[in-house]
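Worksheet: one structure, shown below.
The values are calculated or read from the model by the stated rules, or taken from the named source; none is laboratory data. Keep in mind it's a predicted model, so treat the numbers as computed, not measured. As a convention, Cβ positions derive from the backbone with ideal geometry for all residues, glycine included, and neighbour counts pool all protein chains shown. Accessible surface areas use protein heavy atoms only, side chains included; no ligands, DNA or RNA. Shrake-Rupley method; radii C 1.70, N 1.55, O 1.52, S 1.80 Å.
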Amino acid sequence: MTFEIGIMTFGEITRDPTTGRIRTPHQRARETIELAAVADEVGLDVFGMGEHHRSDFVGSAPTVMLAAAAEATKQIRLASAVTVLSSDDPVRVWEQFATIDLLSAGRAEIIAGRGSYTESFPLFGYDLADYSELFREKLDLLLRIREENPLSWTGKLRPSLANADIAPRPYGETIPIWVGVGGSSASAVSTGSLGLPLALAILFGPMNMLQDSAQLYRAAAETAGHDPASLPISMSVGGYVGSSPKQARDTMYPHFAAFMMEHNHQRGHGMALPRNAFDAGASPAGSYIVGDAEEVTDKILRFREMYDLSRIIIQIGMGSMPHRDLLAGVERLGTEVIPAIRSELGDE
């Protein structure tokens with residue numbers, strides 16, 4: 001299996017800490033599609049679009065963004081990052097991604113998650129008290145939809161289906177469904193028991209912080225009768241590829257710090273990120289993949305070895321980083337980092 005490298009974005013709208021300017025939603029949406037197109041042109045494997053239901057993001061309808069990206073690209077895989085399945089309807093999720101799959105000739109992927117941001121639950125009328133049960137039930141239905149048509153199904157939190165014709169069907173045999181996990185051991189175990197691909201994510205912290213989750217996932221898969229070696233694991237982390245280690249850090253830091261202050265999980269309680277804390281995250285033991293092409297290549301290879309990864313996704317830049325810098329970072333990732341990694345791994 002060829003090791004895959006991709007990028008993702010939440011399409012956040014952040015005030016530039018150096019100029020005070022803020023992009024319009026129109027700018028941010030169009031830049032996101034251009035980002036996908038450039039990633040495709042330079043040979044990246046995956047483009048992911050996140051989901052948030054707030055005015056400081058343009059990702060409230062990620063399937064629409066991915067459909068637009070499908071028309072602007074030719075080869076790159078198009079994934080959610082993640083689909084907040086607990087507050088969505090699995091039938092509609094399937095219909096939308098199957099449509100993206102048809103538009104893109106088989107390039108759609110679903111990364112299903114519970115949602116670390118929870119604004120979508122009250123917005124769509126769901127009770128946070130049902131947080132875990134909603135995900136379990138809706139994931140069960142989504143997997144059944146993938147395998148059967150027509151489908152009869154009964155649950156507790158969603159109306160039953162009786163011989164339902166759920167269309168369209170995908171371009172090829174199936175659509176990959178991953179489960180997004182941010183560090184919950186129980187989630188890693190349940191994903192392994194189901195034999196589904198695991199999509200891990202680290203926003204900040206040491207690069208080895210999710211090793212236990214990965215080990216529990218593989219142990220649970222083996223206990224349930226699945227071959228752990230056949231199950232892919234992906235890792236999403238923040239990063240940027242610059243022209244030099246210093247330029248990469250100096251360019252990313254102010255915008256990433258603004259991202260952490262304005263868009264963090266506490267929603268309204270900014271998380272200050274001092275420069276020394278950022279530099280620690282960018283160190284060899286930290287989780288950020290930021291530096292020049294050589295440094296980024298080395299960090300990706302160490303992540304791959306540490307977790308036995310099949311894929312790594314870089315949440316590129318973050319915050320209000322100028323679009324030209326984002327595009328330059330993606331180009332370096334495709335033209336300098338990927339060839340070096342392919343050569344090292346013999347994937348050329």
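When restricted to Cα atoms, the range 127-275 yields an Rg and a Dmax of 19.7, 60 Å, respectively. Across the chain, Cα-Cα pairs more than 37 Å apart make up 13 percent of the total. Among PRO197, PRO122, PRO322, the largest mean-square fluctuation in a Gaussian network model of the chain (Cα springs under 10 Å) belongs to PRO122. Taking amide hydrogens as placed 1.01 Å from N in the peptide plane, the amide H of TRP178 sits under 5 Å from those of ILE110, ILE111, ALA112, each at least 5 positions away in sequence or on another chain.
To the nearest µm²/s, what D does Stokes-Einstein give for the range 1-137 at 4 °C and 1.567 mPa s, using the Kirkwood radius over alpha carbon pairs as Rh?
Numbers: Rh = 15.7 Å.
For the chosen part, D equals 83 µm²/s.
Please work out the Cα center distance from the range 83-118 to the range 130-188, rounded to the nearest Å. Each part's Cα centre sits 10 Å from the other's.
Here the range 228-348 is assigned +1 on the Cβ of each Lys and Arg and -1 on the Cβ of each Asp and Glu. Its dipole about the Cα centre then comes out at about 400 debye. Taking the charge dipole of the range 192-265 about its Cα centre, with +1 at Lys and Arg Cβ atoms and -1 at Asp and Glu Cβ atoms, the residue from LEU210, SER230, HIS255 reaching farthest to the positive side is HIS255.
Using 0.36 nm per residue and subtracting the Cα-Cα separation, the extra length available between ASN276 and SER116 on full extension is 55.0 nm.
Computed over the range 9-138, relative contact order equals 23 percent, with contacts defined as Cα pairs under 8 Å that lie 6+ residues apart.
Could you work out the local net charge near ALA29, counting Lys and Arg as +1, Asp and Glu as -1, over the other residues with Cβ closer than 13 Å to its Cβ?
Net charge in that neighbourhood comes out at 0.
Please report the antiparallel percentage of DSSP beta bridges with both residues in the chain, rounded to the nearest 5. Write down the numbers at each step before the final one.
Numbers: 4 of 41 bridges.
So the antiparallel bridges in the chain amount to around 10 percent.
In the chain, the longest principal axis of the Cα atoms and the axis of helix 25-41 are about 90 degrees apart.
At a 1.4 Å probe, what is the % contribution of carbon and sulfur to the accessible area of the chain? Using a 1.4 Å probe with all protein chains present, the chain comes out at 51 percent carbon and sulfur.
Report, in debye and to the nearest 20, how large the dipole of the range 101-166 comes out about its Cα centre when Lys and Arg carry +1 and Asp and Glu carry -1 on their Cβ. Walk me through the numbers before you get to the answer.
Values: 8 positive and 11 negative charges, 10 e Å.
It comes to approximately 40 debye.
Using the heavy atoms of the protein chains and a 1.4 angstrom probe, tell me the accessible area per residue for the chain in square angstrom. Before the final figure, lay out the partial values.
Working: 14440 Å² over 348 residues.
Accessible surface, normalised per residue, equals 41 Å².
The lysines within cross-link reach of LYS246, meaning a Cα-to-Cα straight distance under 22 Å and a gap of 8 or more places when in the same chain, are LYS299.
Across the range 113-166, Cα-Cα distances exceeding 18 Å account for 38% of all pairs.
Rounded to the nearest 20, the size of the Cβ-charge dipole of the chain about its Cα centre is 660 debye, with Lys and Arg at +1 and Asp and Glu at -1.
Principal axis analysis of the Cα atoms in the range 196-348 yields extents of 47, 41, 23 Å, listed in decreasing size. Neighbours of ARG169, meaning other residues whose beta-carbon lies under 15 angstrom from its beta-carbon, give a summed charge of -4 when Lys and Arg score +1 and Asp and Glu score -1.
Local charge sum around ARG158 (other residues, Cβ-Cβ under 14 Å, Lys/Arg +1, Asp/Glu -1)?
On the way: positive: ARG92, ARG136, LYS138, ARG144, LYS156; negative: ASP88, ASP89, ASP127, ASP130, GLU133, GLU137, ASP140.
Value of the local net charge: -2.
Taken along the Cα-to-beta-carbon direction at a fixed 7 Å, the label points for SER185 and ALA167 span 4.8 nm.
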